[in-house]
Amino acid sequence: MRFAAISSAVCVGLLPGASATIYYAGVAQSSGEFGAWSPTQTRGTGLPGRFGVDYSFISTSGVDIMTDQNKVNLHRVAFLLERMCPLEYGLGAKFNETHFDYFKQAVDYITKTKGAYAILDPHNYMRYNDPSSQPFSGSVIGNTSDSTAATTAQFGAFWGELAKRFADNGKVMFGLMNEPHDMPSSLLVSNLQAAIDAIRASGATNLIIAPGNAWTGGHYWTKGGSEANSNWIHKLTDPAGNLAIDIHEYLDQDFSGGHTECTQDPATNLAGVTAWLREHKLKAFITEFGGSNTTACTTMLNGILDYMAANDEYIGWTAWAAGPFWGTNSPCCTDQRQLGSLEPGSKAAGGGPSLYDTVWLPVLQKKVPELLQWEGPASVNGGELRTKP
Ligand SMILES: *[C@@H]1O[C@H](CO)[C@@H](O)[C@H](O)[C@H]1NC(C)=O
Ligand SMILES: *[C@@H]1O[C@H](CO)[C@@H](O)[C@H](O)[C@H]1NC(C)=O
Ligand SMILES: *[C@@H]1O[C@H](CO)[C@@H](O)[C@H](O)[C@H]1NC(C)=O
């Protein structure tokens, strides 16, 4: 095992002549999907929700610190489809304009006020109509055996409309969906392709980031037999040639991000997906990863960041997670202990340092490249690198 791990890491990691570059680096902003979860799985809980009370998108002070002091250039902003497209409208091109305006304010703050890049993140697991027990509740989009399910065409219409609204802002990237799972991979590809086609038909040339099935887990990319992402996701076609792959990768025993201990070596576990990316000449972002404030997690977080920096297939990352609504709760990696989040200024329960102080600043911050892209549209080919203006 050990020998196999080392040899695969070497052949994936250090191809002569490869000039690996991270163009985009930062943090996932998670709070827009808050306030809809129900312990009794009561449909409609928290919908539409009160902005600023049940959910929010960013804290401007947190984004200020992350951008100005920590010099990150990327924020991934989560939102709920059921708030953008209320159930009475259905999924599609008709939005709740009040909700959209709040969302747009956050995205404009990141991209226009701060000059950074933003990934739009519908945090819906390829489901729509019941977020009360996410990630498992709600009808799978495009399930033709479920008369209550939104259709593939509706998913396309939703993305066509959202894309049109951000088409004039090249700093906005379109993350098509957070963590699809437990659905046929053929349906996933149909849904994603419908979204890509509608986005391009709207005239938007923005960078699109497409996930895989099975929670878009990097370690699992080539697994699952005929359903494996490695058999499907490269079938996506983008007429604008501005498409990257979205990968999530946690470092604990079951890759869930639930546990304190980091035991899964990232270089070993990402070898399969990296080879697949290379075979199909694709680039990727890892938009969720994380670890606790332990010695093993420090080693493995450095490992995943070094791995991305060494492999040309990876062009960006966002760590999980900051956001104004975590309080002392932790977004991952703590066995439910309340150690706070990556939000600047957050605290652990009892007032101790948060994951921002114990993981972001001492570990992740050191791997934010000094040179990133700060001008021009986001591109799968990257852009001009420079220090933060
Ligand atoms: C739209 O969003 C606003 C603000 O959250 C909310 O007050 C309103 O009820 C929503 N409308 C629908 C139809 O959900
Ligand atoms: C599609 O809907 C049918 C009928 O409700 C259900 O049995 C099936 O599990 C659903 N498929 C998926 C992938 O959720
Ligand atoms: C992690 O941070 C928490 C909260 O500040 C602290 O209580 C704990 O001792 C830290 N753990 C390690 C291993 O440093």
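Summary of computed values
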{"read-out": "For 174, 95, order by how many other beta-carbon atoms lie within 10 Å, fewest first", "value": "95, 174"}
{"read-out": "Spacing of the two label points (7 Å from each Cα toward its C-beta) at residue 50 and residue 144, in nm", "value": "4.5 nm"}
{"read-out": "Spatially proximal aspartates and glutamates relative to residue 223 (Cα-Cα < 12 Å; intrachain offsets below 8 disregarded)", "value": "none"}
{"read-out": "Neighbour-count ranking [beta-carbon atoms within 10 angstrom, fewest first] of 126, 300", "value": "300, 126"}
{"read-out": "The chain: antiparallel DSSP beta bridges as a percent of all, rounded to 5", "value": "15 percent"}
{"read-out": "Links that overshoot a 27 Å alpha carbon limit, given the list 171/388; 114/366; 283/366; 114/235", "value": "114/235"}
{"read-out": "Part-to-part distance (alpha-carbon centres) for region 248-282 and region 20-50, which is given in Å", "value": "23 Å"}
{"read-out": "For the chain, the longest site-free run once trypsin sites (Lys or Arg not before Pro) in DSSP loop states with at most 16 other Cβ atoms within 10 Å are removed", "value": "95-222"}
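Any read-out appearing in this document is the output of simple, stated calculations on the displayed coordinates, not a laboratory observation. None of the values given here were measured: they were computed from a predicted structure. Using ideal geometry, Cβ is built from the backbone for each residue, glycine included, and neighbour counts are taken over all protein chains shown.
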